[in-house]
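The values are calculated or read from the model by the stated rules, or taken from the named source; none is laboratory data. Keep in mind that what you see is a predicted model, and the values were worked out from it rather than measured. A quick note on method: Cβ atoms are made from the backbone with ideal geometry, for glycine too, and the neighbour counts reach across all protein chains shown. For accessibility, only protein heavy atoms count, side chains too; no ligands or nucleic acids. Shrake-Rupley method; radii C 1.70, N 1.55, O 1.52, S 1.80 Å.
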Amino acid sequence: MHKKAGVATLLIRYNIFLMLGLLVIASAMLSDVFLTPQNLWNLMRQLVPLALVSIGMVLVILTGGIDLSVGAVAAIGAMVIAMLLPYLPDQAAVGLLIGMAAAVAAGSLLGAVTGALVALFRMAPFIASLAMMTVARGIAFMMSNGQPVRFPRDTGAADLMRAFGSGTVPVLGMPWPVLMAVLLIILFVTVMAQTKFGRLVIAAGSNEVAVRLAGIPVARYKFLVYAIAGGLSAFAGVVATSRTAVGTANTGFGLELDAIAACVIGGALLSGARARFSTR
């Protein structure tokens, strides 16, 4: 009887992994190419924008908030990099870094506005981020006049951007975006589990009043997580558009719901203060 209860507990606790395994088996049976390395790398390459947005989203969720603007901010990142490429310096690496930095800065600025509304003006995160979602998507359409912006073909930065989106790491054979996402995830988990910033973010979501009475500036940390989420979302838009070499205002459409689902499936609670790497 005890063994049966133990098996049932394991099935409930790890049901997500069981369902994933069943889906992989079914897909492999339906398609001969599903389990080929090229297809698996392509699948992971497509999931990189979602992974980047989810990192920022789980930060926000840990504070007990929500950010519905991440998909629209990703569109801003895509539009900024696509529109800057023709004007970047001739040195490909320098130009691309400047363009990416500008896109991330734009996303962080929008995220900071949402963070200010939530942390400083005590606006409900749902309302503040919903408003930013509408504003950011509108800005993206205004920037592009509703038309796709294609990468130029006569600049080193644009060529390097294409190589980043579709190329692979020498020797490893891993796509560059996948490697970048893995490194960022490792950095994120390390920061959240081992640093003061991570502990305070989790504490703020657990009991904001107690943390505030302890003299910790909760508003500052809330502001920071929304700014970080905005920057990561814009970078996700950069990665997404690097694969297609076209920036569109529809980039990231619906990405916010996928990110929220990914966070919850991964173990985060929408009430905040809990995730797989937390000690609670």
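Okay, here's what the table says:
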| read-out | value |
| --- | --- |
| Among 252-264, 147-159, 235-247, 184-196, the order from most to least packed when residues are scored by Cβ within 10 Å on average | 235-247, 252-264, 147-159, 184-196 |
| Theoretical FRET efficiency, 1/(1+(r/R0)^6), r = Cβ-Cβ of residue 246 and residue 207, R0 45 Å, to 0.05 | 0.45 |
| Mean Kyte hydropathy of -1.0 or more with a Cα span along the axis of at least 18 Å, helices from DSSP in the chain | 15-30, 37-62, 70-84, 92-119, 125-144, 176-194, 218-244 |
| Difference of contour (0.36 nm per residue) and Cα-Cα distance, residue 127 to residue 174 | 12.9 nm |
| Percent carbon-and-sulfur accessible area, segment 1-154, ignoring ligands, DNA and RNA, probe 1.4 Å | 72 percent |
| Relative compactness, segment 54-181, computed as alpha-carbon Rg over 2.2 N^0.38 Å | 1.20 |
| Amide H contacts under 5 Å for residue 167, placed H, 5+ residues apart | 176 |
| Approximate spin-label separation residue 101-residue 9, in nm, with each point projected 7 Å along Cα-to-Cβ | 5.3 nm |
| Derived scalar couplings ³J(HN,Hα) [segment 145-155; Karplus, 6.51 cos²θ - 1.76 cosθ + 1.60; whole Hz; x for Gly, Pro] | 6, x, 10, x, 10, 7, 5, x, 9, 10, 10 |
| FRET efficiency, residue 39 to residue 187 (Cβ-Cβ, R0 35 Å, nearest 0.05) | 0.80 |
| Solvent-accessible area per residue, Å², over segment 183-269 with all protein chains present [probe radius 1.4 Å] | 45 Å² |
